[in-house]
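The structure appears right after this line, and notes come after that.
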Amino acid sequence: MREMTIGKNDAGQRLDKFLQKALPSLPPSLMHKYVRLKRIKCNGKRCQTSDRLTEGDVLSLYINDEFFQPVKEEEAFRRITPRLHILYEDDHILLCDKRPGMVVHEDDQGTLDTLINHIKAYLYEKGEWDPDKEQSFTPALCNRIDRYTGGIVMAAKTAEGLRVLNEKIRLHQVQKFYLCLVHGTPSPRQAVIQDTLLKDSKQNQVRVVKKNTPGARTASMSYKVLQSRGKLSLVECELFTGRTHQIRVQLSHRGWPLVGDTKYGTMERNRPYGMTHQALYSYKLHFSQEGDWGELSYLRGKTFQVEDVPFLPFFYNQPKN
């Protein structure tokens, strides 16, 4: 028999979700059987897989030692010297200014030099997170942006931070603003636009389709032209949904592709400007005053903005209209 004491980062989870993370070698079918047979107890009593765990709960596990053996996974963060541009940090969350070119998670090519691995390495180096001492929690990203898009990415350092941020994003109480350079001048200069988007996962490409197309999803955002210079415009976008390539697709569909975007634009229009990737940056976040923010109540009403958007000097060097 072994015992596990539920810590702060484990609390609030269902018993089955916790066990799946803490004992990845234990098959779900056996887990349910052991709970039913009282070979897994909570505080010495019968429990259910749907029970919510609280800090200090003690699980008694009358199961074979083989299920306590960790699943061997390469922990790439241990081989990384962390390089982060930190916009904001507290006990629960981390806001990083991700530079274009870095992937947020490991991709199909097995890239290990990822934002999440740098965050893990940073927190491990600070002594704020150690996978050998955690039973189920690992730092996690709450939003993600494309490899060649830069800007603010939210990361949770604690389970409570992860729970609150995910809930606030789901309730649309975190406003995300982007700056981009587009070809032409959008008209009208300010609007809310909505489309139905269909993603081709094999091609990693998205297109606008008719409503009710199987597999398609609604995409909504607002845009505002801040300034036009030469043949380009600086546009601010606020996302109301978080679809793949959303800004790039919706603006291109209306004839205003992003500068440097070869997937949804054309080489002919991009060639004079010499940009190698889309001019798009997640530059500002606003946390709503609405609702209960729990332990993150200090974030209510706060706005965070990056200091440097790489393509702005290029834009301001364009001839005035």
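Determine whether the stretch 273-284 contains at least one residue that is surrounded by fewer than 14 Cβ atoms within 10 Å (Cβ to Cβ) and either within 29 Å of residue 308 (Cβ to Cβ) or in the same structural domain as residue 145 (by TED's automatic domain parsing) (or both).
Within the stretch 273-284 (the criterion being surrounded by fewer than 14 Cβ atoms within 10 Å (Cβ to Cβ) and either within 29 Å of residue 308 (Cβ to Cβ) or in the same structural domain as residue 145 (by TED's automatic domain parsing) (or both)), the answer is yes, since at least one residue qualifies.
When residue 155 is evaluated against the numbered criteria (1) of a type in the set (A, V, I, L, M); (2) in contact (Cβ under 8 Å) with a residue 12 or more places away in the chain; (3) more than 30 Å from residue 117 (Cα to Cα), which criterion, by number, is the only one it fails?
Every condition holds for residue 155 apart from (3).
Run residue 136 past the list (1) crowded, with 19+ Cβ neighbours inside 10 Å; (2) within 28 Å of residue 239 (Cβ to Cβ) and report the number of the one that doesn't hold.
(2) is the only condition that residue 136 fails.
In the stretch 35-49, is there at least one residue being closer than 19 Å to residue 137 by Cα and touching an Asp or Glu at 6+ places or on another chain (Cβ under 7 Å)?
yes
Can you list the strands (runs of 3 or more DSSP E) found entirely within the stretch 49-105 that contain at least 2 residues being modelled with pLDDT of 85 or more, in contact with a Lys or Arg (Cβ under 7 Å, 6 or more places away or on another chain) and not assigned by TED's automatic domain parsing to the domain that holds residue 12?
In the stretch 49-105, the matching strands (runs of 3 or more DSSP E) lie at 93-98.
The values are calculated or read from the model by the stated rules, or taken from the named source; none is laboratory data. Computed from a predicted structure; not experimentally measured. Neighbour counts run over all protein chains shown; Cβ positions are idealised from the backbone, glycine included.
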